[in-house]
Amino acid sequence: MTFFSPLFRFLSWITSVLFQTFKSFLILNGLLPPPPFPLFRVPCLPLGRIIDFMDPDALVSLSFCSRKSHSVIKTQRKAPFNGRLGVSGLNRSVLFYSVGNLTHVFRACSYSYFSNFERSCHVKMNGLFGPVQVNRSNGNFVSYWDNTMDGLKAIIEYVTDLFNLDVVIFKLSKESLHLIEWMNSRQKTPLKKVVYVGWRNRSSEEELIYILRDCTTLSEISIHSEAPINFQFLEKFRKIDCLEIWHGQWVTIGNLLTMDGIVISLEKSTLTNIDFIIFLRHWLSGGWPRLKLFCAKTGYINIFRVLAGLLHNAVYVENSRDYTSPYGHQWTLSNGYDIKRADGVTATVHYQPPGVLVMAVWPEASDHYN
């Protein structure tokens, strides 16, 4: 019996090899259908771990293999993504933002760019069929549409449904401005951040007012476009946790005094030395209780004039200190002046020649929102 047992195992192995060889021959010649995707033969627990380690762009491409692949990804993936889901209305893309990394997941492109010379397949997304190709230069998935805005909506719905995620960041221009309300209406949580780029880098008055006043759900706003000539915002600013304005010529000290934020960043500002004196005195008297970081880049600042009336309350600190805001802004504060208000809160006023003024409020926030 001991002799026949190894012999039996050897004959079984030979039979199995011959069977698999014959089966492969039939598949290659089209006489048998190909087997299911091998990954989905893996037991559920290790399969879930494999899917958890896959990048989002790879998961999207895998989801198009079959209905089962889509279902398995949707049900088996448990690990949180390292990043935030974003949409670019400028180039009709869905992306993942993470620290130091940007992953392009899917893009909607005009059908006029579709190439019949490239391999493609037609996929169904939310009831709409369209051709999909892989971009040779970067490996990203591109879908083609007669109306790219409809295509962008389709891929947003597809990706958010696949990963059960809400869009967090939206980079937009005038023609995609209406998608703010569309996305908020279909999400569990509203959009958190918008980055606004106007047509030819200039916004209209209506667009700016809509972003600043009417989009009440937004907690982070970054405006990269120029305002119209002679633009004025005469209303009180609503609560905006993080406000970045790249072309801040229109922001007056009156605007600044009505802001309620954690981070306020102004570039190309026209604020003057007198404006900065008013700003610091307002903070010392209890203004902006939520403020952690203020930064203004202007033409020229006379720091001694700005601090002239506050020197009795200012302590010069020669050592360099690193500061990170709750939204990831990083500054090295060297040769700064510490000022303290009546409630004991301390801030460092840092001057970077010729025209940058930073005020960082201590302690650094333990919770970072990026």
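Results for (1) over 16 Å from the mean Cα position of the chain (by Cα); (2) closer than 26 Å to residue 326 by Cα; (3) without any contact (Cβ under 8 Å) to a residue 60 or more places away in the chain, shown as yes or no for each residue.
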residue	(1), (2), (3)
188	yes, yes, yes
205	yes, no, yes
225	yes, yes, yes
232	yes, no, yes
235	yes, no, yes
258	yes, yes, yes
264	yes, yes, yes
276	yes, yes, no
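If you go through the stretch 285-343 and keep only what is among the charged types (D, E, K, R) and more than 30 Å from residue 83 (Cα to Cα), you end up with 305, 318, 338, 340, 341, 343. Restricted to the stretch 308-370, the set of strands (runs of 3 or more DSSP E) holding at least 3 residues that are closer than 14 Å to residue 280 by Cα and among the β-branched types (Val, Ile, Thr) comprises 346-352. List, please: which pairs have Cβ atoms under 6 Å, are six or more places apart or on different chains, and start with a residue in the stretch 136-160 that is on the phi > 0 side of the Ramachandran plot and part of a helix (DSSP H, G or I) and end with one that is surrounded by 19 or more Cβ atoms within 10 Å (Cβ to Cβ) and among the basic types (Lys, Arg)? Listed pairs, sorted by first residue: none to list. When 73, 51 are checked against the criterion of being outside any strand (DSSP E or B), aliphatic (A, V, I, L, M), over 30 Å from residue 197 (Cβ atoms) and at pLDDT below 80, 51 stands alone in meeting it.
Return yes when residue 15 is outside any helix (DSSP H, G or I), modelled with pLDDT under 80, over 28 Å from residue 189 (Cβ atoms) and of a type in the set (Val, Ile, Thr) and no when it is not. No. In this entry, residue 160 passes the filter for residues that are closer than 16 Å to residue 56 by Cα, at pLDDT 90 or above and under 18 Å from the mean Cα position of the chain (by Cα).
The values are calculated or read from the model by the stated rules, or taken from the named source; none is laboratory data. Please read these numbers as outputs of a predicted model, since none were measured by experiment. Neighbour counts run over all protein chains shown; Cβ positions are idealised from the backbone, glycine included.
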